Structures are given as structure tokens and as C-alpha cells.
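Visitor: So that we are looking at the same thing, I have put the structure below in C-alpha cells.
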Amino acid sequence: MDSSMYLYDVPPVLMEKFCKIIDSGDDSLGWRGLASRIVPSWTEVRRTERLEAIGKSPTRELIWAWAQQNKTVGDLVKVLEDMCHYRALQLFSPQETQYSFPNSGPSKSSRDNPSPPQSPAKPQACDHLLRRHRGN
């Protein structure tokens with residue numbers, strides 16, 4: 001996907017997948033982690049919490065408001081890289097630049113055609129999240 005594409009031009013089906021991924025994440029990989037990087041004030045976070053309480057997707061609300069500032073797919077990719085959110089990054093990354101998940105088993109294609117495992121784009125930046133997730 002073209003990194004200069006405006007977020008409001010992203011196909012709705014793709015944006016819906018993205019919202020479901022972020023909405024289902026915990027604090028650092030969920031909508032609050034996203035909000036901490038893109039929302040200008042805590043007032044906006046509180047407003048988003050109220051929208052979530054009435055059944056709206058908090059991610060959709062955040063992204064829509066952010067997109068109105070002419071943010072691009074490239075801007076979102078930078079935020080997701082900062083969050084180390086590889087699952088969401090895969091939606092917006094070109095097929096040749098896929099992110100691998102740490103400690104994941106080989107995929108079907110890698111079992112059929114073995115090759116060295118890929119490493120994330122910024123492994124050093126995300127090591128602290130992996131250690132915290134594993135409880136180390």
C-alpha cells in the first residue's frame with residue numbers, strides 16, 4: 001500500500017480489519033496505546049472511552065479524527081512500528097516487507113520452502129515489550 005495514501009482513502013474493508021485488531025488488543029497494543037501516540041489531549045481519550053461504553057469502536061473513532069488532519073498510511077505505519085504492533089503492520093506493509101512474529105512457528109510456506117527466519121524491522125526497539133510480555 002502506498003505510504004502517501006491518506007487514511008480516509010484506505011479501503012473500508014482494510015480499515016475494519018485494522019480496527020478489530022486494535023480494539024481487541026490490551027493497553028499497549030490496543031486503542032489506548034494508539035491514543036497515547038496520536039491524540040492531542042486526555043480529554044479526547046476520555047471522550048473515546050465514553051464512545052466505547054456505548055458500543056462504538058474506539059479505534060475507528062480515533063483513526064477517523066486523526067485522518068481529518070490529512071494523516072497518511074505512512075504516518076500510521078510509523079506509529080504502529082513505535083508500538084511494535086506487527087499484526088496490524090502486516091495489513092499496511094507490502095508483501096515483500098512482511099513482519100515476522102517473535103517465537104512463532106514456521107508458516108506453511110516456510111515448511112514447504114525453508115529459508116532463514118526474518119527478523120522484525122526494529123528488534124531492539126521492541127525487545128522491552130517482548131520481555132515484559134514473557135514476564136522476564
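Coordinate-derived values only; no laboratory data. This is a predicted model, so every value here is computed, not measured. Backbone-built Cβ (ideal geometry, glycine too); neighbour counts: all protein chains shown.
Visitor: Quick one: S4, S57, fewest Cβ neighbours within 10 Å first, how do they rank?
Guide: S4, S57
Visitor: I would also like to ask the following. Can you check what the net charge comes to around M5, using other residues whose Cβ is under 15 Å from the Cβ of M5 (Lys, Arg +1; Asp, Glu -1)?
Guide: That sum, taken over residues with Cβ under 15 Å, equals -1.
Visitor: Sorting T72, T48 on the 10 Å Cβ count, fewest up front, what's the list?
Guide: So the residues, fewest neighbours to most, are T72, T48.
Visitor: What's the long-distance tail for the stretch 26-84, i.e. % of Cα pairs beyond 16 Å?
Guide: 40 percent
Visitor: Calculate I(q)/I(0) for the stretch 1-104 by the Debye formula, one identical point scatterer on each C-alpha and no solvent, and give its log10 at q = 0.25 Å⁻¹ to two decimals.
Guide: Listed by q, the Debye log ratios stand at -1.61.
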